[in-house]
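No value in this document is a laboratory result; all are computed from the given coordinates. Worth saying up front: this structure is predicted, and the values here are computed from it rather than measured. Don't worry about glycine lacking a Cβ; one is built from the backbone with ideal geometry, like all the others, and counts go over all protein chains shown.
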Amino acid sequence: MSRWTIAHHCRTGQLIREFVGVYSVGHGQTSPLALADAAVLACGDRAVLSHDSAAARYGLRRWPHIPEIVSPLQHKRSGVRAHRSRTLTHADVATRRGIRAMTLARTVADIAPRLSDVQLIRVIHEARRNSDLPPAALARLLADCSRAARLVDPREARVRAPSTTRSARC
């Protein structure tokens, strides 16, 4: 679309600007997941969902009010908390339901400074229980985050989610 066409559709309410270069059709996005997806799109091909936003994507934290992304490039977007990382590799990125996000191991390592010891243990425990943190990913997390390595025993049996069973009636 040309700039004129985009401007016209914005004036008539057919397009709603979420971020620079990212628009919703017909109505604004209000779900945290939709805003997170828009933030990743607004920051370019090398941007991925990160920190608390990625942890929320995995169901381990609450969605932050401002989506967080990480990229090897510097980004400044209104309404997006952007982090720059020179150590971000392809191995740190996973696409989850169509949104590029950091892997769970990298996410936990990056949010560890924000968490108390109890919270960090709880996040790792929950990720293992949900089978989102297989042994290889756990080993990588423990190698990257010495604090997690000090708090978590990788030999501990993975906790399984409780199964739902029907009780027999006599």
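Details
- The chain, helix-only ellipticity at 222 nm - DSSP H runs n ≥ 4, -39,500 (n - 2.57), divided by all residues, nearest 500: -10500 deg cm²/dmol
- Radius 10 Å from Cβ of Asp52, net charge of other residues (Lys, Arg +1; Asp, Glu -1): +3
- Label sites at Ser116 and His8, each approximated as a point 7 angstrom past Cα along Cα to Cβ, lie 5.8 nm apart.
- Residue-wise HN-Hα coupling along segment 83-89, computed from phi with Karplus coefficients 6.51, -1.76, 1.60 (Hz; x: Gly, Pro): 10, 10, 9, 8, 9, 5, 10
- Difference of contour (0.36 nm per residue) and Cα-Cα distance, Ala143 to Lys76: 21.0 nm
- Between the beta carbons of His125 and Arg96, assuming R0 = 22 Å, the FRET efficiency works out to 0.60 to the nearest 0.05.
- Residues whose amide H lies under 5 Å from that of Arg96, counting only those 5 or more places away or on a different chain, are Ala101; hydrogens are built 1.01 Å from N in the peptide plane.
- Computed Kirkwood radius, in angstrom, where 1/r is averaged over Cα pairs of the chain: 17.8 Å
- Antiparallel beta bridges, as assigned by DSSP with both residues in the chain, represent about 65 percent of the total such bridges.
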